[in-house]
Amino acid sequence: MVIQSIHDRQGRGLALNAHAVEIDDSRLIAAARRLFGGWDNALRATNIDPHSVRPKSARRPSGSWSRPAIVAEILRYAECSERLDAHHMHLVDNPLVSAATYYFGSWSSALKASGIDPLTVRQNTVRNPRQILDAIRGMAESSQTLRDYAVRTRDRALYGAAQKYFGSWRNAVREAGYEEAARSSNSRWSRTDIQALVIRYTQCGVSLQEALTRHTHLKSAILREWGSWDAFEQEYQETSMARG
């Protein structure tokens with residue numbers, strides 16, 4: 001029935017990307033995830049290449065982004081009454097969010113540059129258990145990591161909602177049907193994981209000390225891997241100078 005429904009959509013010329021189908025027929029998306037382990041897998045079972053159905057806006061040529069181009073895209077979505085919270089935009093146009101983070105430091109800063117109040121955008125974001133699970137499945141299908149530290153940095157609203165409704169991010173990932181990801185979501189951090197997290201924070205304008213207050217286990221992980229905070233800070237500064 002799932003495969004036939006996908007064929008029917010294809011025959012009617014309807015969009016087959018996960019976001020469009022979620023809007024049109026959430027039951028079809030849910031069934032595909034339950035029976036095939038994901039929307040992309042259901043498309044493959046129907047002999048459809050998942051990459052061929054991605055929205056064209058998500059395949060913008062590399063090197064074509066700039067601050068004015070990013071602002072123009074955000075305003076275009078706003079004019080179309082599109083939700084502009086970070087999680088939703090990750091699903092709709094992940095390259096835009098990535099470019100905005102690179103050029104402005106964060107999605108919120110890009111919204112501000114576009115004359116949009118990020119607080120208003122977040123206040124209009126509704127979170128309930130179904131939306132949380134759909135968000136996790138959407139992240140997995142778009143090959144985004146489900147690791148605890150990465151989601152906590154990228155989408156604190158989603159992370160907090162998952163804790164509220166499911167007790168922990170790990171429980172929410174498991175409930176979404178990603179048992180293997182749930183087992184590894186809170187696994188011991190490597191040096192690479194720690195450095196990537198700190199770099200991500202600093203790129204968003206968050207100091208190292210503030211990062212420690214946001215992550216209760218970050219300091220202990222640093223001490224375990226480097227032996228002391230001073231040793232980590234020295235290596236981090238040397239790495240930053242080499243990158244700069």
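A few points about this structure:
- Over the stretch 2-54, relative contact order from alpha-carbon pairs under 8 Å, at least 6 apart, %: 39 percent
- 3J(HN,Hα) along the stretch 231-237, derived from phi through the Karplus expression 6.51 cos²θ - 1.76 cosθ + 1.60 where θ = phi - 60°, amounts to 5, 5, 4, 5, 5, 5, 5 Hz, with x in place of Gly and Pro.
- Cβ-placed point charges (K, R +1; D, E -1), dipole of the stretch 2-54 about Cα centre in debye, nearest 20: 80 debye
- Each of the peptides 101-110, 218-227 was scored by the mean count of other Cβ atoms within 10 Å over its residues; in descending order, highest first, they stand as 101-110, 218-227.
- Each Lys or Arg adds one and each Asp or Glu takes one away; over the other residues whose Cβ falls under 15 Å from the Cβ of Ala113, this sums to +1.
- Remark: C-alpha extents of the stretch 2-54 on the principal axes read 25, 21, 19 Å, sorted largest to smallest.
- FRET efficiency estimate (nearest 0.05) - Cβ-Cβ, Asp8 to Glu233, R0 51 angstrom: 0.30
- Count Lys and Arg as plus one, Asp and Glu as minus one, and take only other residues whose Cβ is under 12 Å from that of Glu235; the net charge is then -3.
We did not get these values from a lab; they are worked out from the coordinates using the rules stated. Note that the structure is predicted; figures quoted are calculated from it, not measured. Every residue, glycine among them, receives a Cβ derived from its backbone with ideal geometry; neighbour counts consider all protein chains shown.
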